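Engineer: Just passing along the structure, written as C-alpha cells.
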C-alpha cells in the first residue's frame, strides 16, 4: 500500500470534512448522478424491450435473468473494487467502471436476442460495482467521522434522484423514439459526460492515510488483518452485528428487484401504461433519493439503529399497500412510503458498516457489505421469479417480499448495537 507523509504533514494537507472538501465532494456527487442515470434508464424500458424478443409476460424467471446477471456481477465486483481501491486508489477503479459502461447501450441497441440484454446487464454490474462503490467510499473518505451518515445520505440521494429522473426520462424518450434508440442515445450521452468530468476528480486515498496518521501517528502498514479475505470473513460471519447488517443489505435489494422486475408487470396487468409505470417507479426512487438528504444526517445525531428498524418496517408496509392496491390511488402513497423506508435504512446500513471499520480497511469493509447487498439482486431474481413462475402471478412474490423485509428489520433490532450519534 502506498503511504503518504506521516503525522501532522499528512493531516494538515488532507483535512477531512465536507465543507473543507466541497469541490471534490461536489464532483463525486456529479459522478454518482451519472451512475444513477445509467441504471435508471433501464428500470422502466428493459421490461418493454423484452417484448421485442417474444419474452412472454408470464415467463417471470426468464425475464428476471437480466437482473440475475447484474446482481451476480455487481456483487462480486463490489468486493473486488474495495480491495483494489485500498491498494491502488479510488480513481483508477472509478475510471475502469466508466469504461465498462460503454458496451451497455450498444449491446442493447444491436441485440438480436434476449441474451445480449443479459450480457449488457453483466457490463452494467461491472459499471455499478466499480463506480458507485468508489463514489460513496470517496465521499466517506472526504467527510469527518461524525459526517459519515450525511456523506452517504448525500451520495445515495444524488444517485437515486438520478435513477428516478432517468426512469421517467427514458420512458418518455422511448415513447417518442422506441425503447432501444432511446437507451442508446441516453446511455452514450451519460457515459461521455461522466468521462469528461472525471478528469477533475482527485483520488481520496491520501485522505485515508491522513486519517490513519491523525489517529495513530504512524504511516499505513499492511498486515494480515488488512487482507480482503480476513475482512470478508470478519464482517460477514464473525461479527454478529456485521452479519445482521449484511443480511439487511441482501433483503433491501430483494425489495428493489421487486420494484425493478415485478412491479412493472403488476402495474401493467391492471392497465398502467409505460409512462404511468415510469411515474410510479419514479416517485419511489425520487422520494428515496430526496429523503436521504436528511435520513443519513439524522442517524449521525441519534444513532443508526432506530432509523434502520423503522425504515425496514416502513418499506414492508409500503410493499403490502402496493399488493392491496388496484390503481394509482393506493400505488402512489405506497411508492412514497417505500421511498421513505428505503431512505431511512439504505444510507445507514452503509454508515453502520463504515463505523465498524478502521480507515485502512474501509474499502474492503464497504466492499464486503456491498457484495452481500447487491448479491441480493441475484437472490431476488431467482426467488421472486421462481415464486411468480410457480404461482403464475406476481402477487405472491410481492407478499413474500413484504414478509422478508419485516423479518430483516426484526433481525437488525435484535442483533445490532447502535453506532453513530456521537461525535468521534
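Engineer: PRE reach from residue 51 (point 7 Å along Cα→Cβ): which of the range 118-154 fall under 14 Å by backbone N?
Structural biologist: none
Engineer: In degrees between 0 and 90, to the nearest 10, how far off the longest principal axis of the chain does helix 395-415 point, with axes built from Cα atoms?
Structural biologist: Helix 395-415 sits at roughly 20 degrees to that axis.
Engineer: Within the range 343-379, whose backbone N sits under 18 Å from a point 7 Å along Cα→Cβ of residue 20?
Structural biologist: Once the point is set 7 Å along Cα→Cβ of residue 20, 359-360 turn out to lie under 18 Å by backbone N, inside the range 343-379.
Engineer: For residue 195 and residue 276 in the same chain, what is the full-extension length gain: residue separation times 0.36 nm, less their Cα-Cα distance, in nm?
Structural biologist: Using 0.36 nm per residue and subtracting the Cα-Cα distance, I get 25.9 nm.
Engineer: Sticking with this one: How much FRET efficiency would the formula 1/(1 + (r/R0)^6) give for residue 229 and residue 176, where r is the Cβ-Cβ distance and R0 is 60 Å, rounded to 0.05?
Structural biologist: It comes to 0.75.
Engineer: Sticking with this one: Counting only C-alpha contacts under 8 Å and six or more residues apart, can you give the relative contact order of the chain as a whole percent?
Structural biologist: So the answer I get is 28 percent.
Engineer: Packing-wise, with mean Cβ within 10 Å as the measure, how do 403-410, 19-26, 279-286 rank, highest first?
Structural biologist: Packing order, densest peptide first, comes out as 279-286, 403-410, 19-26.
Engineer: Shifting gears a bit: Quick check: residue separation of residue 324 and residue 146 times 0.36 nm, minus the Cα distance between them. What number comes out in nm?
Structural biologist: So the chain would gain 60.0 nm between residue 324 and residue 146.
Engineer: Return the FRET efficiency for the residue pair residue 110, residue 269: r is the Cβ-Cβ distance, R0 is 45 Å, and the value is rounded to the nearest 0.05. List each step's numbers first, then the result.
Structural biologist: Working: r = 31 Å, r/R0 = 0.68.
E(calc), rounded to 0.05, equals 0.90.
Engineer: Under a point spin-label approximation (7 Å from Cα along Cα-to-Cβ), what is the residue 393-residue 88 distance to one decimal in nm?
Structural biologist: Label at residue 393, label at residue 88, 5.1 nm between them.
Engineer: Follow-up question, since we're still on this one. What distance in nm lies between label points placed 7 Å from Cα along the C-beta direction at residue 29 and residue 237?
Structural biologist: Modelled inter-label distance: 4.2 nm.
Engineer: Mean residue ellipticity at 222 nm from the helices of the chain, using -39,500 (n - 2.57) per DSSP H segment of n ≥ 4 over the full residue count, to the nearest 500 deg cm²/dmol?
Structural biologist: Values: 18 runs with 333 residues, N = 424.
Computed mean residue ellipticity for the chain: -26500 deg cm²/dmol.
Engineer: Let me ask something else. Here are some values of Rg and Dmax of the Cα atoms in Å: [x] 21.5, 63; [y] 21.6, 71; [z] 20.4, 65. Which one was computed from this structure?
Structural biologist: Answer label, from the structure shown: [z].
Rule-based calculations on the coordinates, nothing more; no lab input. Please read all numbers here as calculations on a predicted model, not as lab measurements. Note: ideal-geometry Cβ built from the backbone for every residue, glycine included; neighbour counts use all protein chains shown.
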